[in-house]
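Just below is one structure, and these are the notes that go with it.
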Amino acid sequence: NAGVTQTPKFRVLKTGQSMTLLCAQDMNHEYMYWYRQDPGMGLRLIHYSVGEGTTAKGEVPDGYNVSRLKKQNFLLGLESAAPSQTSVYFCASSSPPGLALDAEQFFGPGTRLTVL
Amino acid sequence: AQSVTQLGSHVSVSEGALVLLRCNYSSSVPPYLFWYVQYPNQGLQLLLKYTSAATLVKGINGFEAEFKKSETSFHLTKPSAHMSDAAEYFCAVSVGDMRFGAGTRLTVKP
């Protein structure tokens with residue numbers, strides 16, 4: 001049982017390049033999330049998904065796209081990377097169906113992205 | 001909209017001393033409140049959560065937090081700090097999506 005895994009762990013991009021971050025969870029969770037973490041700002045929600053085939057915008061969605069084609073995977077894409085997207089990206093998932101406002105979120109180890 | 005404010009971006013205590021990390025929330029409806037801990041180069045782990053069952057919530061590793069509606073606070077405490085408690089701590093509120101505070105970095109001096 002690996003929990004939440006993220007690929008890659010580190011990446012350096014040049015401005016304008018594109019990339020996809022992969023998140024996978026093996027806990028059969030319905031809800032999945034992408035956050036970015038910046039110094040002094042905590043975690044901010046980029047996009048989330050409440051089930052396979054669904055996605056929704058979070059607090060800071062601009063410049064990112066997501067897809068949830070399979071329940072266990074949640075992909076975060078950057079079509080044209082900008083230096084402002086230099087950050088640590090965390091994926092999380094939470095449990096079972098329904099509006100579980102008190103559900104614990106399980107986090108992956110993070111991806112450190114630098115955009116030059 | 002809901003939000004949390006963590007007072008103090010850095011807190012330093014001596015080993016064996018009381019740990020107090022402060023969190024105030026803003027919410028128009030009864031909130032669900034959480035404390036998460038992040039060790040270096042790792043993701044966040046849940047320490048404890050408040051879901052209205054009891055105002056004093058006990059978590060892992062000897063931490064606890066008290067929900068005070070009159071003060072809109074959910075401060076995290078531990079009676080005696082250990083070196084292994086050094087980490088970054090995040091308070092969060094959920095009334096839909098989860099909103100995190102900016103974090104408090106705890107340093108424990110020997």
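The values are calculated or read from the model by the stated rules, or taken from the named source; none is laboratory data. Note that the structure is predicted; figures quoted are calculated from it, not measured. Please note: Cβ atoms are built from the backbone with ideal geometry, for glycine as well, and neighbour counts cover all protein chains shown. The accessibility values were calculated without ligands, DNA or RNA, using every heavy atom of the protein model including side chains. Shrake-Rupley method; radii C 1.70, N 1.55, O 1.52, S 1.80 Å.
Out of the range B:1-45, which residues are over 22 Å from residue B:94 (Cβ atoms) and not polar (S, T, N, Q)? Break it down stepwise before answering.
Of the range B:1-45, the ones over 22 Å from residue B:94 (Cβ atoms) are B:8-20, B:39-41.
B:8, B:10, B:11, B:13, B:15, B:16, B:17, B:18, B:19, B:20, B:39, B:40 - these are the residues of the range B:1-45 that are over 22 Å from residue B:94 (Cβ atoms) and not polar (S, T, N, Q).
Got a sec? Which strands (runs of 3 or more DSSP E) wholly within the range A:23-96 have at least 2 residues that are within 10 Å of chain B (Cβ to nearest Cβ) and within 10 Å of the chain's Cα centre (by Cα)?
It comes to A:31-38, A:42-49, A:87-94.
Somewhere in the range B:95-106, is a residue in contact with a helix residue (DSSP H, G or I) (Cβ under 7 Å, 6 or more places away or on another chain) and open to solvent by less than 10 Å² (accessible area, probe 1.4 Å)? Quick ask: steps written out before the conclusion?
From the range B:95-106, those in contact with a helix residue (DSSP H, G or I) (Cβ under 7 Å, 6 or more places away or on another chain) are B:106; that's our starting set.
Within this subset, residues satisfying the condition of being open to solvent by less than 10 Å² (accessible area, probe 1.4 Å) are B:106.
Yes, that holds for at least one residue.
Within the range A:1-15, take every residue that is open to solvent by less than 40 Å² (accessible area, probe 1.4 Å) and farther than 24 Å from residue B:92 by Cα and give me the one that is farthest from the other protein chains (Cβ to nearest Cβ).
To start, the set of residues in the range A:1-15 that are open to solvent by less than 40 Å² (accessible area, probe 1.4 Å) comprises A:3-4, A:6, A:8, A:13.
If we keep only those that are farther than 24 Å from residue B:92 by Cα as well, we get A:8, A:13.
Working: A:8: 14, A:13: 20 Å.
Residue satisfying both the conditions and the ranking: A:13.
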Within the range B:75-110, residues being within 14 Å of chain A (Cβ to nearest Cβ), more than 14 Å from residue B:32 (Cα to Cα) and of a type in the set (Ser, Thr, Tyr) number 2
Enumerate the pairs (first residue in the range B:1-27 and at positive phi; second residue anywhere and assigned to a strand (DSSP E or B)) with beta-carbon separation below 7 Å, excluding pairs fewer than 6 apart on the same chain, so at least 6 apart or on different chains.
B:8/B:22; B:8/B:104
Report, ordered by the first and then the second residue, all pairs with beta carbons closer than 6 Å, sequence separation of six or more or different chains, a first member in the range B:49-60 that is under 20 Å from residue B:100 (Cβ atoms) and within 9 Å of chain A (Cβ to nearest Cβ), and a second member that is open to solvent by less than 70 Å² (accessible area, probe 1.4 Å) and assigned to a loop (DSSP other than H, G, I, E, B).
B:51/A:102
Of all residues in the range B:13-44, which are under 20 Å from residue B:108 (Cα atoms), open to solvent by 60 Å² or more (accessible area, probe 1.4 Å) and at pLDDT below 95?
B:40, B:41, B:42
